Amino acid sequence: MSISTASTNTMSSLATATSGKGAGKPTSFVPELQSMMFSLGDARRPLLETAVLVEDIVHTQLINLLQQAADVSQMRGARVISAEDLLFLMRRDKKKLKRLLKYMVFRDYKSKVLKSIEEEDLEEKLAASANSNKRQKLAQDFLNSIDQTGELLALMEDDEIDEVKQERMERADKQTRNMDSAQYAEFCESRQLSFSKKASKFRDWLDCSSMEIKPNAVAMEILAYLAYETVAQLVDFALLVKQDMSPKTSDPFSHAMSATYIQSHNPAETNLQNQPLKSNPETPENTPPATPTPPSSGAQHMGKNQPGSLGNGSQTPDSAKAKQRKRKKSAYRRTGMPFLAC
């Protein structure tokens, strides 16, 4: 086979794969993704190429997750993909599983509030309240059946603050501080967007109609939540990369600069170099000089009795005694007789 023929076959296979991918994904979430990325901390108008790339990543991740969930559902003999299959796949990532469990509790609470508003009959309210915690009960029963150590069940009662969610909230607060009323209204609309609010479009986007084992309603809610979390995680990583690429305010190699460069940019430091060196190198730079010690009492007495003795060449008593001892030693050396001190 020639090189041209091989390249032609490769291009045709890529075109077939691209056409099949487009047929499986007729709808697009690019406009919604741009708004979601803006609400998660990205620019106000993200690039179209970036939104297309994020859509491709999220779509690929969800398709793989659906295939794995379908395999798990087939192994346990079920006809649909349910929440249990997705919880089983997420059992190893405890942080994301904990976040998902809190989301399911929130969905139960939201359904309960909406039903209590719409329904007026007391019996219907009681029936609705009995089924209001179905997602939470479903997750709790399934985790109880597979959890042997109690770690997964403990996630449902863990009230520890989610650091990732907290960081996203703080980022959103900083993002809205300098917004006007129109920008803030647009930001609030962007934060309300999600895949779950467009359930039919989301189902068509995943091409669930062509699957042999289809996800049920609760599984679609979990998939929509996981799709939004994937977008949020991609934005988090992008912001971390941007932070690493930004120049630092303090250069860690500033201490390696030459002395000439530092003097030319910091003239005030030249006066410090003219100061004498300290006797103790371990003393800090900002330590004041030591206080001079006062002279001894003998020295003060000598200064009072003989002022100016060092300036006029007069001898002190100590120097006279020293000279007298030298004369006696020289005399001893000449005579060879010991000297008797008085």
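Any residue at all in the range 257-267 that is crowded, with 16+ Cβ neighbours inside 10 Å, modelled with pLDDT under 90 and in contact with an Asp or Glu (Cβ under 9 Å, 6 or more places away or on another chain)? Break it down into steps so the answer makes sense when it comes.
Of all residues in the range 257-267, those crowded, with 16+ Cβ neighbours inside 10 Å come to none.
No, the range 257-267 has no match at all.
What are the residues in the range 187-215 that are open to solvent by 50 Å² or more (accessible area, probe 1.4 Å) and more than 15 Å from Ser28 (Cα to Cα), if any?
Glu189, Arg191, Gln192, Ser209, Ser210, Glu212, Lys214
Under the condition of being among the charged types (D, E, K, R) and in contact (Cβ under 8 Å) with a residue 60 or more places away in the chain, which residue from the range 66-100 is surrounded by the most Cβ atoms within 10 Å (Cβ to Cβ)?
Selected residue: Asp85.
Only one of (1) part of a helix (DSSP H, G or I); (2) of a type in the set (A, V, I, L, M, F, W, C); (3) over 21 Å from Met37 (Cβ atoms) fails for Ile161. Which number is that?
(1)
Being modelled with pLDDT under 90, assigned to a helix (DSSP H, G or I) and either over 29 Å from Leu240 (Cα atoms) or touching a Phe, Trp or Tyr at 6+ places or on another chain (Cβ under 8 Å) (or both) is true for just one of Leu100, Leu153. Which residue is that?
Leu153
Could you please let me know if Ala182 is surrounded by fewer than 15 Cβ atoms within 10 Å (Cβ to Cβ) and either in a helix (DSSP H, G or I) or modelled with pLDDT of 90 or more (or both)?
Working: surrounded by fewer than 15 Cβ atoms within 10 Å (Cβ to Cβ): yes; either in a helix (DSSP H, G or I) or modelled with pLDDT of 90 or more (or both): yes.
So Ala182 fits the description; yes.
Inspect the range 42-58 for any residue being of a type in the set (A, V, I, L, M), open to solvent by 20 Å² or more (accessible area, probe 1.4 Å) and not in a helix (DSSP H, G or I) and give the result as yes or no.
Yes, some residue in the range 42-58 is of a type in the set (A, V, I, L, M), open to solvent by 20 Å² or more (accessible area, probe 1.4 Å) and not in a helix (DSSP H, G or I).
Out of everything in the range 8-42 that is modelled with pLDDT of 90 or more and of a type in the set (A, V, I, L, M, F, W, C), what residue ends up being nearest to Ala182 (Cα to Cα)?
Phe38
Among Asp236, Asp244, Asp173, which is in a helix (DSSP H, G or I) and surrounded by 11 or more Cβ atoms within 10 Å (Cβ to Cβ)?
None of the others qualify; the one that does is Asp236.
The values are calculated or read from the model by the stated rules, or taken from the named source; none is laboratory data. Computed from a predicted structure; not experimentally measured. Ideal geometry is used to build each Cβ from the backbone, glycine not excepted, and the neighbour counts take in all protein chains shown. With ligands, DNA and RNA removed, areas are computed over all heavy atoms of the protein, side chains included. Shrake-Rupley method; radii C 1.70, N 1.55, O 1.52, S 1.80 Å.
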